[in-house]
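*Asks:* Structure below; questions to follow.
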Amino acid sequence: MLRFLRHLVEMLLAMGVGMAVLGIGLMVVGEPPGYEGPLVTYGAMGVAMAVPMVAWMRYRGHSWSDGGQMTAAMLVPMFVLVIPVVLDVAPAWLAAEGTLMVLTHVAMVGGMVAYMLVRRDQYTQGHHRHSAPQPDSALG
């Protein structure tokens, strides 16, 4: 269980670094056109969090496929909440200032934990990194 929690905390810290970089970038250069739209805002946030998370997973010996699956487990629940807001079919409380942000983060972490529980053998064992990460296929 300790290894499971360690892996989750490591990924969350990497995601926090990504959010910090995004925040600093937005402060320095400003928001791009269309950024105020939830799809763009949450899409940028998802990418900013996923890139360092996958990089850390690769460093720890996980495959690109593992990183892609974890990214999907993180982003799909987030977009399940965001898309109804974008389509203006979400209840008013979901679209309220701050509520969507909090719930999307809960959904992302929940999706990651659920995925990790499904693949618990992978996330409760020691980290894979014994040598450099290997390509996912023979082509490479």
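*Asks:* Of everything in the range 7-23, what is surrounded by 13 or more Cβ atoms within 10 Å (Cβ to Cβ) and either not aliphatic (A, V, I, L, M) or not in a helix (DSSP H, G or I) (or both)? Give them in sequence order.
*Replies:* His7, Glu10, Gly16, Gly18
*Asks:* Here are some residues: Leu39, Leu81, Leu94. Which one is in contact (Cβ under 8 Å) with a residue 40 or more places away in the chain, surrounded by 13 or more Cβ atoms within 10 Å (Cβ to Cβ) and of a type in the set (A, V, I, L, M, F, W, C)?
*Replies:* Leu39
*Asks:* Hey, does the range 86-101 have a residue that's of a type in the set (Ser, Thr, Tyr) and in contact with a helix residue (DSSP H, G or I) (Cβ under 8 Å, 6 or more places away or on another chain)?
*Replies:* The answer is yes, given that some residue of the range 86-101 is of a type in the set (Ser, Thr, Tyr) and in contact with a helix residue (DSSP H, G or I) (Cβ under 8 Å, 6 or more places away or on another chain).
*Asks:* Which condition number in (1) within 18 Å of Val47 (Cβ to Cβ); (2) touching a residue at least 12 places away in the same chain (Cβ under 8 Å) is the one that Tyr115 fails?
*Replies:* Of the numbered conditions (1) within 18 Å of Val47 (Cβ to Cβ); (2) touching a residue at least 12 places away in the same chain (Cβ under 8 Å), the odd one out for Tyr115 is (1).
Any read-out appearing in this document is the output of simple, stated calculations on the displayed coordinates, not a laboratory observation. Please read these numbers as outputs of a predicted model, since none were measured by experiment. Virtual Cβ from ideal backbone geometry, glycine too; neighbours counted across all protein chains shown.
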